[in-house]
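Following: one structure in structure tokens, then a few remarks.
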């Protein structure tokens, strides 16, 4: 089985390298459900910045549900762009200082469910490190890994070709495309 999550705070870089890695390995890729689709499904404001606490939590829960549904269709062999962590880290960064214990406990419960899912469903987690100690999203991901004793591989993503080759070596897979050609393929 090779169920892979590629995470990072730079969501466009994460998506780009996930697509390139899928092209490089010949694996299927699962992409994030766009906010607009989730907003339509759950009748949320189409402007994510206008979402208050209940809508923000509903968005994260809806995105998690959509991710699980998509990943279950592929079962044992896929690359998940961002895995189940993106929306959780977005929620945690949006509500850094919640005064009410109720909301904090809801985020903690969601984090426990998301982490349990990740521990039981991903064979490999690659973390594209931002190398920026002030990057809360990146720090949030690292804290989740640490708190839930989640095995992950930290990848320096400053050079896309090197990052893809390092992921390939960690997975011990023979690429169907070189990293250079995979990057060129997704640039179009």
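None of the figures in this text is laboratory data; all of them are computed from the coordinates on show. Quick caveat: nothing in here was measured; it's all calculated off a predicted structure. A quick note on method: Cβ atoms are made from the backbone with ideal geometry, for glycine too, and the neighbour counts reach across all protein chains shown.
Whole number please: convex hull volume per residue of the Cα set in region 112-153, in Å³? List each step's numbers first, then the result.
Working: hull volume 2.8 nm³, N = 42.
In region 112-153, the Cα convex hull volume per residue is 66 Å³.
For the Cα atoms of the chain, what angle does the longest principal axis make with the long axis of helix 136-147, in degrees from 0 to 90, nearest 10?
Here the helix axis deviates by roughly 90 degrees.
Can you give me the angle between helix 160-171 and the longest principal axis of the chain, using Cα atoms only, in degrees from 0 to 90, rounded to the nearest 10?
With both axes taken from Cα atoms, the answer is about 90 degrees.
Using the 10 angstrom Cβ neighbour count as an exposure proxy, how do 142, 2 rank, fewest first?
Working: 142 18, 2 15.
By the 10 Å Cβ count, ascending, the order reads 2, 142.
Quick check: convex hull of the Cα atoms in region 67-177, volume per residue, rounded to a whole Å³? Don't skip to the end; give the middle numbers.
On the way: hull volume 12.7 nm³, N = 111.
Here the figure is 114 Å³ per residue.
Report, in degrees rounded to the nearest 10, the 0 to 90 angle that the Cα long axis of helix 53-74 makes with the longest principal axis of the chain.
30
Using only the alpha-carbon atoms, what does the chain span along each of its principal axes? Please give whole angstrom values in decreasing order.
50, 33, 28
Which log10 I(q)/I(0) values does region 1-67 give at q = 0.26 Å⁻¹ under the Debye formula, counting every alpha carbon as one identical point scatterer?
Scattering profile of region 1-67, log10 relative to I(0): -1.11.
Run the quick spin-label model on residue 154 and residue 69: label points 7 Å from Cα toward the beta carbon, then report their separation in nm to one decimal.
3.7
To check my understanding: the extent here is largest minus smallest coordinate of the Cα atoms along each principal axis. What are those three numbers for region 21-132, in Å, largest first?
That works out to 45, 30, 27 Å along the principal axes.
Once the Cα gyration tensor of region 70-133 is found, what semi-axes does its equivalent ellipsoid get, as square roots of 5 times the eigenvalues, in whole Å, sorted largest first?
25, 16, 9
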